[in-house]
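*Asks:* Shown below is the structure under consideration.
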Amino acid sequence: MKRLILIALVACSDRGAPARHDGGSAIVKPATADAATTAPSFVGVITAADSVDIAPRFQGVVATIQVRVGDAVTEGQVVAEMDQKSMQEELRAAEAALGAAAAARRQADVDLEDARRKLQLETKAVAQGVSPSVNVDEAKLAVKRAQATVQKASSTVAAESSHVQTARDHVTDTALRAPSSGTVAMRFKDPGATVASGAPILRIVGQGALRLRFALPPDRAQVVIPGTTVHATIDTIAHPVAAVVRQVSPTIDPASGMIIVEAELASDPAVTSQLRPGLAATVR
């Protein structure tokens, strides 16, 4: 920035005081290059202000995708469905595990009841003098072990019950819906693909304003701050488009080693009507 200011000052000084040569005659100097053309440029892209990735909450197989790139969608519209077969298999496995846990809990209850009965018998025998007192101590320990087993079995039943409920939710929640109105911008998967939980299948961009996003070297982070005006050159627009920086990432992107900056484009309808998400831009 200091270099640009110096270039401008030198240019103004040259125009204000022409050089003299050979008896005071003025020498016409060539025009100084425009500072804007020498300013550093950065690679940017036009993005939607609002975008959302449609992804399942659980791992499964994509059954159908009901929209294509460029289709307009409305809030709540079903855009894709997951295969119910794998979800039903998950439910059956969870129900079987719950059955086994419940059986183990019943067995633990029986063992606890038996341990308590033996404690009563040993206590009575000791009182009658027909059994040593150490038998009572051992019977008490057996009761404590049986109680711990019941607690463990109860925890297992609770965990498996939660798994069953989750599996039931998956079976009834295979339809993926658009959270808001917009346009399908990207399609990441096709029917038949296995996707992990949270892996995007579609991307939907909103119908609101557009943003200019570009990458900035870390050594320029102190120059481009919120409120700074930048200009973007876009192939489809005749003149550079002005934008005001709104957000500067506080961290460096690990993939590119750059700082991501987001700017708000000028609200001129004649300009914004020509812009589309994904357009490349050169930012100065």
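*Asks:* If amide hydrogens are placed 1.01 Å from N in the peptide plane, which non-local residues have theirs closer than 5 Å to the one on residue 188?
*Replies:* 202, 203
*Asks:* Under 5 Å between amide H atoms, partner at least 5 residues away or on a different chain: which partners does residue 60 have, H built in plane at 1.01 Å?
*Replies:* Result for residue 60 returns 195.
*Asks:* Oh, and also: Between residue 152 and residue 123, what is 0.36 nm times their sequence separation minus the Cα-Cα distance? Round to one decimal in nm.
*Replies:* 7.7 nm
*Asks:* Now, a different point. Between residue 168 and residue 274, with labels modelled 7 Å along Cα→Cβ, what's the label distance in nm to one decimal, could you check?
*Replies:* Taking the two extended label points, one gets 5.9 nm.
*Asks:* In angstroms, what radius of gyration and Dmax does the range 47-118 have, counting Cα atoms only?
*Replies:* When restricted to Cα atoms, the range 47-118 yields Rg and Dmax of 23.3, 75 Å.
*Asks:* Also: Would you mind pulling out the separation of the Cα centroids of the range 106-134 and the range 188-261, in Å?
*Replies:* 73
*Asks:* Between residue 264 and residue 222, what FRET efficiency comes out of the Förster formula 1/(1 + (r/R0)^6) with R0 = 22 Å and r the beta carbon distance, rounded to 0.05?
*Replies:* 0.60
*Asks:* Expressed in whole Å with the largest first, what are the equivalent ellipsoid semi-axes of the range 85-172 derived from the C-alpha gyration tensor as the square root of 5 times each eigenvalue?
*Replies:* 43, 9, 7
*Asks:* Give me the net charge of residue 248's neighbourhood, meaning all other residues with Cβ under 14 Å from the Cβ of residue 248; Lys, Arg count +1, Asp, Glu -1.
*Replies:* Around residue 248, the charge tally is 0.
*Asks:* Further question: Among 141, 127, 115, which residue has its Cα furthest toward the positive end of the charge dipole of the range 85-172, with +1 on Lys/Arg Cβ and -1 on Asp/Glu Cβ?
*Replies:* Farthest along the dipole direction, towards plus: 127.
*Asks:* Can you check how the C-alpha radius of gyration of the range 98-144 compares to 2.2 N^0.38 Å, as a plain ratio?
*Replies:* In units of the 2.2 N^0.38 Å rule of thumb, it is 1.45.
*Asks:* Across the range 85-172, how many lysine pairs, 8 or more positions apart or on different chains, have C-alpha atoms separated by under 18 Å? Please give the number.
*Replies:* 4
*Asks:* Something else: Using 0.36 nm times the number of residues separating residue 194 and residue 50, minus their current alpha carbon distance, what extension gain do you get?
*Replies:* The span from residue 194 to residue 50 would gain 49.1 nm if fully extended.
*Asks:* For a quick size check, give me the Cα extents of the range 133-250 along its three principal axes, largest first, whole Å.
*Replies:* 99, 42, 22
Where a number appears in this text, it was derived from the coordinates with a stated rule and is not lab data. For clarity, every value in this text was computed on a predicted model and none was experimentally measured. Here Cβ is always computed from backbone atoms with ideal geometry, including for glycine, and neighbour counts include all displayed protein chains.
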